[in-house]
Amino acid sequence: MAKEQVRLDDVTLLNALVASARTGTVKVGRLCHALVVVNGVGINCHMGSSLISMYAKCGLVEDARKVFDGMHERNVVCWTSMISGYTQLGKFKEAVELFRDMQISGMKADDATIATVVSSCAQMGALDLGCYVHAYCDVHGLGKELSVKNSLIDMYSKCGDIKKAYEIFSGLTKQDVFSWTAMIMGFAVNGLCGEALDLFARMEGEGKVMPNEVTFLGVLTSCSHGGLLEQGYHHFQRMSTVYNLASRIEHYGCMVDLLGRAKLLAEASQFIKEMPIAPDVVVWRSLLFACRACGEVGLAEYVAERILELEPKKCAGHVLLSNVYATTSRWVDVNKLRTSMDGSRMSAFERRRYMNVVVQKAVHPEFASYIHSTTTGLLPFIQKVLVERVVVIFYDKEHVLIEKFVFKLAVNLSYGSKLEEADLEFALRAFLIKLTVAEPVTKSLPSDGSWEVTAYFRSLPGDGD
């Protein structure tokens, strides 16, 4: 039509913009925008919201905002389209700020707006803000739609208020698959594995709503967090055999995590080999975490190489591998690995990773000598001024925190790099004993508990030295 110079009307251009947004063809979308300007159609609320939606769905949120800012008149659809665009692209803070601007302008939100804003609050973990939006709904008579209720369930679950989430869920006169899934996933991420599986069983028992792939992701997450190996395999198989649902990479990742938590590393490794799709970084990382818990250095080295192949510009795999070396007290390998990392490839966050050394059933009266013996392997790092502080936590047999000590190692800086290792070891011993006296144990430490020592490292220099 454009080539034949046929004049386009609003309806034609709106339909073309909708198609461009759905297919993500920004080239066609830009052409439509140009034709709107050339033909003098004018950007009214309908045309503006369609342009905003098209640019946002094509990932060009800045262009969407230019259209939004250039509009002389905006209705609630225009505001919602822009807020939704920010949310879809992970710009949750901008979405919330625009919602505030919407309120200042006097424009009343609708249920679609509320659902989008609540979703942004959930992703940010902003419980107070989410509660405010919920109160805004009650004051203005909004939030009656099921989509808003589902967003509220998801928000309260992700922000840790699982009781409020279940209260909303229980008050629904009708639940769809998103309602059930949000509540099941909410129980799962809050560690209530039994409640999640019971709710799934209730969903199947009622038979009104069929679970989807995301529902099963919540179920498998519950099994993984709860260490329910048999139930995990049972539900994983039922996805395909009963509901004819294809497993995604996320489901395979849950199964690898489940096997890893059960310390079945051989089975987890074999499971990855038999996967019909290529494992991603998350799958390999789950196995690497399991290697750390079990001290499986050989498999950890293999997995770290797979992670490096998938993320050659990141050092997360090698950082995790250094934690495995530290867990098995292979300090020489830790030193070699960390100093060989190319600092230019590491972000500031990656350079501040830490390692844990956990020793079970430490004897309380030998506190100072225990801490010294555990931190002796850190001497090369302390000598290079890479260790910022050492944190010691004592747990009871139920893994409940009893006492915490923080040792800053700045005292070693006064000795300089010329200090011999023997002298450094002596200085470290004296320093830790001194701090033990300065911060005496204030609670009774049972002998059947466990110590956990965490060494926090400073940023590695750019040249890796």
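The values are calculated or read from the model by the stated rules, or taken from the named source; none is laboratory data. This structure is a prediction, so every number in the text was calculated from the model and none was measured. Note that each Cβ is placed from the backbone with ideal geometry, even for glycine, and that neighbours are counted across all protein chains shown.
Values for this structure:
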| quantity | calculated |
| --- | --- |
| Cβ pairs under 8 Å, 6+ apart, first in region 172-195 and at positive phi, second surrounded by fewer than 24 Cβ atoms within 10 Å (Cβ to Cβ) and not aliphatic (A, V, I, L, M) | 191/225 |
| Evaluation of residue 335 against (1) part of a helix (DSSP H, G or I); (2) within 28 Å of residue 215 (Cα to Cα); (3) over 25 Å from the mean Cα position of the chain (by Cα); (4) among the polar types (S, T, N, Q) (one fails), failing number | (2) |
| Region 60-87 - residue that is within 25 Å of residue 148 (Cα to Cα) and small (Gly, Ala, Ser) and, of those, surrounded by the fewest Cβ atoms within 10 Å (Cβ to Cβ) | 84 |
| The one condition in (1) over 21 Å from residue 263 (Cα atoms); (2) surrounded by fewer than 22 Cβ atoms within 10 Å (Cβ to Cβ) that residue 334 fails to fulfil | (2) |
| Set 74, 65, 22: member being among the charged types (D, E, K, R) and over 29 Å from the mean Cα position of the chain (by Cα) | 74 |
| Filtered residue count, region 44-57, keeping only those that are surrounded by fewer than 18 Cβ atoms within 10 Å (Cβ to Cβ) and in a helix (DSSP H, G or I) | 2 |
| Residue check for residue 269: within 28 Å of residue 334 (Cα to Cα), surrounded by 15 or more Cβ atoms within 10 Å (Cβ to Cβ) and of a type in the set (S, T, N, Q) | yes |
| Lone unmet requirement of (1) assigned to a loop (DSSP other than H, G, I, E, B); (2) loosely packed, with under 14 Cβ neighbours inside 10 Å; (3) aliphatic (A, V, I, L, M); (4) not assigned by TED's automatic domain parsing to the domain that holds residue 311 for residue 201 | (1) |
| Residue list for region 146-190, restricted to those being within 19 Å of the chain's Cα centre (by Cα) and small (Gly, Ala, Ser) | 151, 157, 160, 182, 186, 188 |
| Tally of residues being β-branched (Val, Ile, Thr) and farther than 11 Å from residue 219 by Cα across region 168-186 | 3 |
| Extreme residue, nearest to residue 187 (Cα to Cα), among residues of region 236-245 that are touching a residue at least 24 places away in the same chain (Cβ under 8 Å) and touching a helix residue (DSSP H, G or I) at 6+ places or on another chain (Cβ under 7 Å) | 239 |
| Residues (polar (S, T, N, Q) and surrounded by fewer than 21 Cβ atoms within 10 Å (Cβ to Cβ)) located in region 180-198 | 190 |
| Residue satisfying condition, being in a helix (DSSP H, G or I) and modelled with pLDDT under 80, within set 362, 300, 326, 290 | 326 |
| Qualifying residue in region 98-114 (condition: hydrophobic (A, V, I, L, M, F, W, C), crowded, with 19+ Cβ neighbours inside 10 Å and farther than 23 Å from residue 45 by Cβ) | no |
| Any pair with Cβ under 6 angstrom, 6 or more apart, that starts in region 79-91 at a residue that is over 17 Å from residue 111 (Cα atoms) and ends at one that is surrounded by fewer than 24 Cβ atoms within 10 Å (Cβ to Cβ) and among the hydrophobic types (A, V, I, L, M, F, W, C) | 89/61 |
| Subset of region 204-234 (residues that are under 24 Å from the mean Cα position of the chain (by Cα), surrounded by fewer than 17 Cβ atoms within 10 Å (Cβ to Cβ) and not in a helix (DSSP H, G or I)) | 212, 227 |
| Filter pass, residue 290 being among the aliphatic types (A, V, I, L, M) and free of Cβ contacts under 8 Å to residues at least 12 places away in the same chain | no |
| Filter result for residue 104 (within 24 Å of residue 68 (Cα to Cα), without any contact (Cβ under 8 Å) to a residue 12 or more places away in the chain and out of contact with any strand residue (DSSP E or B) (no Cβ under 6 Å at 6 or more places or on another chain)) | yes |
| Enumeration of residues in region 134-149 that are free of Cβ contacts under 8 Å to residues at least 24 places away in the same chain, within 20 Å of residue 92 (Cβ to Cβ) and of a type in the set (A, V, I, L, M, F, W, C) | 135, 137 |
| From 250, 305, 311, 301, residue being of a type in the set (Asp, Glu), surrounded by fewer than 22 Cβ atoms within 10 Å (Cβ to Cβ), closer than 23 Å to residue 200 by Cβ and touching a residue at least 12 places away in the same chain (Cβ under 8 Å) | 250 |
